[in-house]
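Written below as structure tokens is the structure these notes are about.
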């Protein structure tokens, strides 16, 4: 399987308040194939969110390279990177970040409208995705009128609106109850199969990780195969 997202030798260093150097990532290598679902687990503070931010071009590594569809981020201008984030990457976070003054449909349409897509096409695509995530009857509702699970499913639809190559999710079910978490996990398991979108999920949730094609553990600043999902913290 050829890699659609690839990281080589990623290192991220921060300077502590006392001037000490904190090596969060110390040589991460990762290759994610088209349509592959990869779960990344690890202890709190191990650098999982930092890694996701580097993979999503939300931050730059101290050393190393990230390539999306063979193109290194380091060779792109800030404007080109912004276009990559908007059109080729989708993001789902623990908190949905829906705009409260807009309906679910308008929230999902937003990335395409920002990219200059015609409103009719953006609306049609948003309606299709909201129906796919089980929100066909809730499109006209604003976030405050949606349950937590519905809000997060709307956020997933928004992440898919531009037909991204990769969706990156950071603890997507961390703020949901068990029933809504399970429904979201089922949805993620479908994504790579039905949309052929690669999915990289950072999670502490054993049930979500068990649905992935591959599970990796971030330990000592590097990705390694875990001894088993049950060993997750």
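FYI, it's all coordinate maths here, none of it is from the lab. Keep in mind it's a predicted model, so treat the numbers as computed, not measured. Methodologically, a virtual Cβ is constructed for each residue, glycine included, from the backbone with ideal geometry; neighbour enumeration extends over all protein chains shown.
Quick notes on this structure:
- Added length on full extension, which subtracts the Cα-Cα distance from 0.36 nm per residue, residue 179 to residue 75: 33.1 nm
- Stretchable slack from residue 44 to residue 101, in nm (0.36 nm times residue separation minus alpha-carbon distance): 17.2 nm
- The gain in end-to-end length when the residue 63 to residue 34 segment is fully stretched comes to 7.9 nm, 0.36 nm per residue minus the alpha carbon separation.
- For the chain, the longest principal axis of the Cα atoms and the long axis of helix 178-195 meet at an angle of about 90 degrees.
- Between the range 62-117 and the range 176-221, the Cα center-to-center distance that results, in Å: 20 Å
- Percent of beta bridges antiparallel (DSSP, the chain, rounded to nearest 5): 55 percent
- Globularity index of the chain is 1.01 (Cα radius of gyration / 2.2 N^0.38 Å, N = number of residues).
- Label-to-label distance, nm, for residues given as residue 196 and residue 83 (7 Å Cα→Cβ offset): 2.3 nm
- Residues 62, 197, arranged from fewest to most other Cβ atoms within 10 angstrom of their Cβ, appear as 62, 197.
- On Cα atoms only, tilt of 148-160 relative to the major axis of the chain in degrees: 80 degrees
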